[in-house]
Amino acid sequence: HMPAPGPPIYLFGGFVLTEKCPWGFWWGAVANVALSFVLKLTACAVQQKVIGGTLSNNMWVRQTCGVHTPLMRAIENVLRKPGLSAGKVMILCGGPDWPTSVMAGILRTSLLQCLLGTTPIILAVAPLALSGSFYLRKNGYGDMWARLGNFMFILSGVVTMAFWAGCAWAVQEEFAKNQEALNTPREEFVDLEWLSYLNGKVSAKTAVKWREVPRVVLAPFVVGMLGMTFAANLFMWQMQKCLGTFDVDGDISTLKWLGQDGLIMPMGLIGFAVVGASLLGLVVYKVWQTGYSRGPRAEALKEFGAEEAEWKATRRHEARAATAKALTSATVEDPSAQEVASLCRSITEATLGVDGAKKADAANADMKGAGGMQDDCVPGLPQESSRMVEM
């Protein structure tokens, strides 16, 4: 069973529920709007917690999704804002349905806060659900209902486009406000950054040049490319000769799939066949490329893998220095001992973990009791980290 996109369900729900509702047309229409809204929130919750939450512990998934990149960090910052902030609403309502919910789970954001930020989606769901109900009444009740259905359909599109534009604005606004912080390295992302660095190096090392592809592989690849171009132009310029029409409120028993009077006409069938055959050229190339690059890839992994320990150590040092610099900047205006201690505690826990921070506190206490702790050492932070703060 494959997940179905929401909008067609909201639209066809108007046909089914409104027609079958025993309490009449308007109660059926309202029930469809309510059910569509609940269905949307339920889908978001399942996708975020069951799919995204499960995948959030997979290093390869997190690296592939780029949770360590400035773009994803900007989106994460916006989604973590409590309440109905404008940016969060725009991202949750304007982003692609399935990817947005799953990514929220991978970023380990709050489910309740994300559902709260998704509630304004009712502004797009309700008109689309009502358009299906209004289209149902166009036969026998006058053209006014058809025009109302068209209006609701267009209104839903306008609201959706507004959410899209707002989504882009929210991300850009976050970049404008926190560009330096978003590009600052963080220690928690060192492993992900290493995987991205390694993949880039290996990809460059194993890149296949055009002259290296044998003709027996190159020929079906080029033919497939030309076939795809032909099929795309065929459907673009001769759509009416390729595909038939069927009313969304028509009787499904009268639907005919193939034939000159069917949904897929003979010319359209030829176009689909060309697309399928053209894909074989890509399959042939991918199979050859996998075998051809297997050796160079293993050598590249071995070569660059030797750099892993040194690369990660350097990156961690850069991340800690950046954190210490941010701490210094944050305490310039109000360098109270309590505030500094609190911020230092946050750095220590981020660097050493909670258990490591407790051990550091115990060690500092022992050193202070023995007279070995420096006077300028910040409370709650080991001496090494304290010196980083001073830098």
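The values are calculated or read from the model by the stated rules, or taken from the named source; none is laboratory data. Everything numeric here is computed off the predicted structure, so don't read it as measured data. Note that we place each Cβ from the backbone using ideal geometry, even for glycine, and neighbour counts take in every protein chain shown. Keep in mind that these areas ignore ligands, DNA and RNA; they rest on the heavy atoms of the full protein, side chains included. Shrake-Rupley method; radii C 1.70, N 1.55, O 1.52, S 1.80 Å.
For the range 172-256, the calculated P(r), taken from all Cα-Cα distances in 10 Å bins from zero up to the bin holding the longest distance, is 12, 15, 17, 17, 25, 14, 0 percent.
For the range 1-153, the percent of C-alpha pairs falling in each 5 Å distance bin, counted from 0 to the bin holding the largest distance, reads 2, 10, 17, 18, 15, 12, 10, 7, 5, 3, 1, 0. Within the range 87-151, the ratio Rg/Rh, alpha carbon atoms throughout and Rh by Kirkwood, equals 1.22. Surface listing: GLU173, GLU187 arranged by accessible area from highest to lowest gives GLU173, GLU187, probe 1.4 Å. Going down the list LYS49/LYS88; LYS49/LYS81; LYS177/LYS312; LYS201/LYS312; LYS81/LYS312; LYS20/LYS256, which pairs span over 21 Å between their C-alpha atoms? Over 21 Å apart, Cα to Cα: LYS177/LYS312; LYS81/LYS312; LYS20/LYS256. Across the range 1-111, Cα pairs under 8 Å and at least six residues apart give a relative contact order of 29 percent.
Send over a whole-number figure in Å² for the accessible area per residue of the range 60-184, probe 1.4 Å.
48
Here the range 120-238 is described by how far its Cα atoms reach on the three principal axes: 68, 49, 21 Å, from widest to narrowest.
Placing unit charges on each Cβ (+1 for Lys and Arg, -1 for Asp and Glu) gives the range 51-209 a dipole about its Cα centre, and among SER131, GLN179, PRO99 the Cα reaching farthest toward its positive end belongs to SER131. Phi angles of the range 183-198 translate, via the Karplus equation with coefficients 6.51, -1.76, 1.60 and θ = phi - 60°, into HN-Hα couplings of 9, 6, x, 10, 5, 5, 9, 4, 5, 5, 5, 5, 4, 5, 4, 5 Hz per residue; Gly and Pro are given as x. Accessible area per residue was computed with a 1.4 Å probe on protein heavy atoms; TRP257 scores about 150 Å².
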